[in-house]
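The values are calculated or read from the model by the stated rules, or taken from the named source; none is laboratory data. A quick note: this is a predicted structure, and the numbers were derived from the prediction, not measured. Using ideal geometry, Cβ is built from the backbone for each residue, glycine included, and neighbour counts are taken over all protein chains shown. Protein only, heavy atoms only, side chains kept; ligands, DNA and RNA dropped before computing areas. Shrake-Rupley method; radii C 1.70, N 1.55, O 1.52, S 1.80 Å.
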Amino acid sequence: MENIRKEFPLLDTCVYLNTASSGLLSQSLVYWRQAHDRAFFQRGSEMKTRAMLSLIPETRQTVARFFNCKTNNVALTPNFSLGMNLLLDGLDKKHGVLLLEEDYPSVNWPFEQRGFTVDYVKINQYLEEEIYKKVKSGKVSILALSVVQWLNGIQIDLDFLKNLKKEFPNLYIIADGTQFLGTTDFDFEASAIDILGASTYKWLLSGYGNGFFLFKDKAKELFSLRSAGFNSVNGDMSKKENIEFVKHLEPGHLDTFNFGSLKFSLEFMKRVGMNTIEDRNRQLRKKAMQKLNNLGLLKAFMPQRKSHGNILNIPGDEKCFQELANNNIICSQRGGGIRLSFHFYNNENDIDAVINVLKTRV
């Protein structure tokens, strides 16, 4: 794994614990991007036309294989937020929607802004139990949530979602996987999630301007999508009245630079091995949680939860944040505290560096 760190030269100059804000670009991806733009510079539209005809379908296929989703159920979007808004414009307002308090704004706001009947549960140690109670009430037909919470890393129990779907098969689950996908091996078809979207500039290390949505077949029946454009028919004007479902989310041209970056990064992570990445993240997460918990910096219930993401939020004011920055530790201020996020390119020395700064303050 130390050889992998060589793909990310920034790690030689700092302790990077900010993947929850932005993942790093691999050196190999930078070389690919340079070659891609050089070809565009030299050949102009001829290069771009060929790339759009080949690279975009290949990216769709790569996403489908990586997460085990049918290729025709993969929509490529510039980011999660845009895709979510296009999607909800085609959803009937009759649905009762259950959201999580303080979930990522791009999950909650699109429902709230459109006037859906919404209810909420708190994000705490009783998260799954509270969701179950609300769904059992019979007033909820859609559960929308982030798989991993952006502020504190609390992860929904995926087995709980499976059991929930078994008991309430008419419930639809819409999930944001932005802070989850790329941290672990994930099989979409085997999951209980009906619709899964993600921006891919974080844990999937693909840079900005690319994302996707995955759909189960049945989930597509929920929507009457109206968004459309030239790219919805791949330039074939005769298909205006027969637009494929996912192409409603792709009304405009998709950038081969951005989506080629997504394809490249998924292939890079596949070569590393998602099982290897998952094991590495588990080790880092376990050590970080133990060390931070020993300092009394984690909420008591967090280490006891079945699953947790690669994000940890600890108490800390501006002075503490600046002290970390002065020690060349890159992280974020979120949710009234300090957010630390580890990925497989980190090592245990990175965790030790944080602990050495924090233990002088407790």
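Return yes when N275 is at pLDDT below 95 and either over 25 Å from T184 (Cβ atoms) or under 24 Å from the mean Cα position of the chain (by Cα) (or both) and no when it is not.
Spelling it out, it is not the case that N275 is at pLDDT below 95 and either over 25 Å from T184 (Cβ atoms) or under 24 Å from the mean Cα position of the chain (by Cα) (or both).
Determine which member of the set Y126, Y104, Y132, Y120 is under 21 Å from the mean Cα position of the chain (by Cα) and hydroxyl-bearing (S, T, Y).
Exactly one residue qualifies, and that residue is Y104.
Kindly check whether there is at least one residue in region 140-147 that is among the hydroxyl-bearing types (S, T, Y) and without any contact (Cβ under 8 Å) to a residue 60 or more places away in the chain.
yes
In region 1-51, what residues are farther than 22 Å from K270 by Cβ and of a type in the set (D, E)?
D12, D37, E46
Scan region 18-32 and report the pairs whose first residue is free of Cβ contacts under 8 Å to residues at least 24 places away in the same chain and whose second residue is among the acidic types (D, E), with Cβ atoms within less than 9 Å and a gap of 6+ or a chain change.
Q27/E7
Report yes if some residue within region 140-161 is farther than 29 Å from V246 by Cβ and part of a strand (DSSP E or B); otherwise report no.
Yes, some residue in region 140-161 is farther than 29 Å from V246 by Cβ and part of a strand (DSSP E or B).
Okay, residues lined up against (1) more than 14 Å from L222 (Cβ to Cβ); (2) open to solvent by 10 Å² or more (accessible area, probe 1.4 Å); (3) not small (G, A, S):
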{"position": "M84", "(1), (2), (3)": "no, no, yes"}
{"position": "K93", "(1), (2), (3)": "no, yes, yes"}
{"position": "S106", "(1), (2), (3)": "yes, yes, no"}
{"position": "G115", "(1), (2), (3)": "yes, yes, no"}
{"position": "V121", "(1), (2), (3)": "yes, no, yes"}
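Please verify whether D194 is within 16 Å of L249 (Cβ to Cβ) and either among the β-branched types (V, I, T) or over 13 Å from the mean Cα position of the chain (by Cα) (or both), treating the condition exactly as stated.
Here the answer is yes, as D194 does meet what is asked.
Does G296 qualify as being touching a residue at least 24 places away in the same chain (Cβ under 8 Å), loosely packed, with under 13 Cβ neighbours inside 10 Å and either within 19 Å of the chain's Cα centre (by Cα) or assigned to a loop (DSSP other than H, G, I, E, B) (or both)?
Spelling it out, G296 is indeed touching a residue at least 24 places away in the same chain (Cβ under 8 Å), loosely packed, with under 13 Cβ neighbours inside 10 Å and either within 19 Å of the chain's Cα centre (by Cα) or assigned to a loop (DSSP other than H, G, I, E, B) (or both).
Applying the selection to region 52-82, what residues are within 23 Å of F268 (Cα to Cα), of a type in the set (A, V, I, L, M) and open to solvent by 50 Å² or more (accessible area, probe 1.4 Å)?
Once the filter is applied, which keeps residues that are within 23 Å of F268 (Cα to Cα), of a type in the set (A, V, I, L, M) and open to solvent by 50 Å² or more (accessible area, probe 1.4 Å), region 52-82 yields M52, L53.
Tell me which residues, restricted to region 11-22, are out of contact with any His (no Cβ under 7 Å at 6 or more places or on another chain) and surrounded by 13 or more Cβ atoms within 10 Å (Cβ to Cβ).
L11, C14, V15, Y16, L17, N18, A20, S21, S22
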